[in-house]
Amino acid sequence: MEMKLGACLKSNFNQTSFFLCQPINCQNTGYRRSCLSSTSTAHMSMRCRATAEMHFKNRSFGTVEKVKTMSADNSFDLALSSLTTLCPLDGRYRDKVKDLAPFMSEYGLIRFRVLVEVKWLLKLSEVPEIPEVPNFSSGAKSFLHGLIDGFSLDDAMEVKEIEKVTNHDVKAVEYFLKQRCQSHEEISKVLEFFHFACTSEDINNLAHALMLKEAINIVILPVMDELITAITNIATQTAHVPMLSRTHGQPASPTTLGKEMAIFSYRLFTKRQEISQIEMRGKFAGAVGNYNAHLVAYPDVNWPQVAEDFVASLGLSFNPYVTQIEPHDYMAKLFHSIIQFNNILIDYNRDVWGYISLRFFKQITKAGEIGSSTMPHKVNPIDFENSEGNLGVANGNLSHLSTKLPISRWQRDLTDSTALRNMGVGMGHSLLAYRNALRGIAKLQVNEAALAEDLNQAWEVLAEPIQTVMRRYGVPGPYEKLKELTRGRTVTKESIREFIEGLEVPHIAKTALLNLTPHTYIGAAAELANNTEAITKSCNASARKI
């Protein structure tokens, strides 16, 4: 009898299952069948780490299985795939957030580092006080720009291979560029001016700023605009649909569904505008922010001005007062603003979730989808729930970054470096949440019958306008009289009309009150909802500018 590595044995006499951590046969191991007990095999199974098959027949062992297991102290070295990533953004949710990958990934960081290094060399060639780097020919400039424009995943992998030797990510980029340019007759003469007078953070801070700038402008803001527009469309389409308000969960003065949607479109729009106006900042002042090495090498160059011009040429705002690092205050402001946008969307998700629960909204079903594994009737508001959950994850990440990044010991410590690598987490979960919310909004269908029935059961809300009119015409104790009529009591259309008929107010005022219903007592809600069309136009205009 031969049993291969990793076989699973089932004993007929005590139903014990165990794994073999090494090949066994009765001739070469000395094991007796009797020693293969549940006690001894428990230890063996803990050590097992391989997969195999065993085929045998014996009086004591009747079944054979193909098995896979892990040892207690060693996991499989699984190949990277959508099923083995630690972060669901790169696995389950990849299709919904992949637009951010060119900007917020490791590849994106390396690509922008290459851009900064190359453009700094080009900038040095424009400074007349640096004759060692003369103006490049058009061919040389084209070659250098090609390193940026043609930067590929293979190029990034080459940088990572160099990093395995240097154990320094930014130095690996410098060496990559020197290797690429060493065969170019003109550029090869100035290879040592790659990374000239730079600290790594000169490169990194600009790369991070460009990553954020591109991700915000190209991906995040357009999806925010799409979300705001979708909510605004609901607002205008349901501007005149009356709805019972609820304060403290209890019936309150009616509004319209559209006006409640308009509140969120306006709140989100104002925060979106704030995000779009935050300036991404950069520094380029050397090891501790004083241009020390620069001035020793070229004392006649106005390095602060050169640095400012260079940073501005990248579309960034220059920060003249820095240590080794740009202090990340703009990042804190940006992330806090995104958190606030996300909090508003959480509020929206919860409100819509509640309206669905009240049946004010129906959800359009999709053939083949399942709401519950056991309750076939369920149509759950999962898109709004997923959006809310991902907004929480995003805010947790962005909150840490916004409070951690502005703090650095003395002229710098490295705690910001590892934190900054996680910017894509907060941005990615935010993007995922926005798209989940959009998916949920697309399924919404207004249930006007449910809204109307809810109002029909709430005639007590007319106590407010009645007591207000009574105040105007000097009727004594208006609030107290309406409180006695309505508080804690069942109020009907008939009881309200009877009360109004007994009021000593002008006929025109009495007629207006008698004509009032919970459905018509909506104030200026419809007009307020319709005014949000201007928000949509503004969002669309902003989108065209990006």
Checklist entry - Among the listed residues 469, 461, which satisfies the condition of being touching a strand residue (DSSP E or B) at 6+ places or on another chain (Cβ under 9 Å), hydrophobic (A, V, I, L, M, F, W, C), in a helix (DSSP H, G or I) and in contact (Cβ under 8 Å) with a residue 40 or more places away in the chain? => result 461
Checklist outcome for this item: How many residues of the stretch 144-154 are in contact (Cβ under 8 Å) with a residue 24 or more places away in the chain and open to solvent by less than 70 Å² (accessible area, probe 1.4 Å)? The answer is 4
Item to check | Cross-chain or 6+ apart pairs with Cβ under 9 Å, the stretch 506-525 first and without any contact (Cβ under 8 Å) to a residue 12 or more places away in the chain, then in a loop (DSSP other than H, G, I, E, B) | outcome: 510/503
Next on the checklist: Among the residues that make up the stretch 56-64, is at least one of them modelled with pLDDT of 95 or more and either surrounded by fewer than 18 Cβ atoms within 10 Å (Cβ to Cβ) or among the aromatic types (Phe, Trp, Tyr) (or both)?
Outcome noted: no
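For every residue, the table says whether it meets (1) farther than 24 Å from residue 271 by Cα; (2) touching a Leu at 6+ places or on another chain (Cβ under 6 Å); (3) not assigned by the TED database to the domain that holds residue 313.
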residue	(1), (2), (3)
188	yes, no, yes
205	yes, no, no
209	no, yes, no
218	no, no, no
222	no, no, no
225	no, no, no
228	no, yes, no
246	yes, no, no
Next on the checklist: Need pairs with beta-carbon distance below 6 Å; first residue of a type in the set (A, V, I, L, M, F, W, C) and within the stretch 345-365, second part of a strand (DSSP E or B) and open to solvent by 80 Å² or more (accessible area, probe 1.4 Å); sequence gap 6+ or separate chains.
Outcome noted: 364/445
Checklist outcome for this item: residue 521 vs (1) under 21 Å from residue 475 (Cβ atoms); (2) open to solvent by 50 Å² or more (accessible area, probe 1.4 Å); (3) under 46 Å from the mean Cα position of the chain (by Cα): all pass except (2)
Item to check | Residue match in the stretch 444-456 (condition: closer than 30 Å to residue 225 by Cα, outside any helix (DSSP H, G or I) and open to solvent by 30 Å² or more (accessible area, probe 1.4 Å)) | outcome: yes
Checklist entry - Say we look at the stretch 318-364 and pick out the residues that are touching an Asp or Glu at 6+ places or on another chain (Cβ under 6 Å) and in a helix (DSSP H, G or I); which of these is surrounded by the most Cβ atoms within 10 Å (Cβ to Cβ)? => result 349
Next on the checklist: I'd like the full set of residues that are surrounded by 19 or more Cβ atoms within 10 Å (Cβ to Cβ) and among the aromatic types (Phe, Trp, Tyr), limited to the stretch 390-438.
Outcome noted: 434
Checklist entry - Among 108, 146, which is closer than 30 Å to residue 438 by Cα and not in a loop (DSSP other than H, G, I, E, B)? => result 108
Checklist entry - Regarding residue 489, is this residue assigned to a helix (DSSP H, G or I) and among the basic types (Lys, Arg)? => result no
Checklist entry - Within the stretch 189-305, which helices (runs of 4 or more DSSP H) (wholly inside it) include 3 or more residues that are touching a Gly at 6+ places or on another chain (Cβ under 9 Å) and open to solvent by less than 10 Å² (accessible area, probe 1.4 Å)? => result 200-215
Checklist entry - Taking the stretch 389-425 as the region of interest, how many residues are part of a loop (DSSP other than H, G, I, E, B) and within 30 Å of residue 350 (Cβ to Cβ)? => result 2
Next on the checklist: Quick test for you: out of 129, 106, 158, 117, pick the one residue that is open to solvent by 40 Å² or more (accessible area, probe 1.4 Å), closer than 21 Å to residue 215 by Cα, modelled with pLDDT of 95 or more and acidic (Asp, Glu).
Outcome noted: 106
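The values are calculated or read from the model by the stated rules, or taken from the named source; none is laboratory data. Keep in mind that what you see is a predicted model, and the values were worked out from it rather than measured. Glycine also receives a Cβ, built like all others from the backbone with ideal geometry; neighbour counts cover every protein chain displayed. Accessible surface areas use protein heavy atoms only, side chains included; no ligands, DNA or RNA. Shrake-Rupley method; radii C 1.70, N 1.55, O 1.52, S 1.80 Å.
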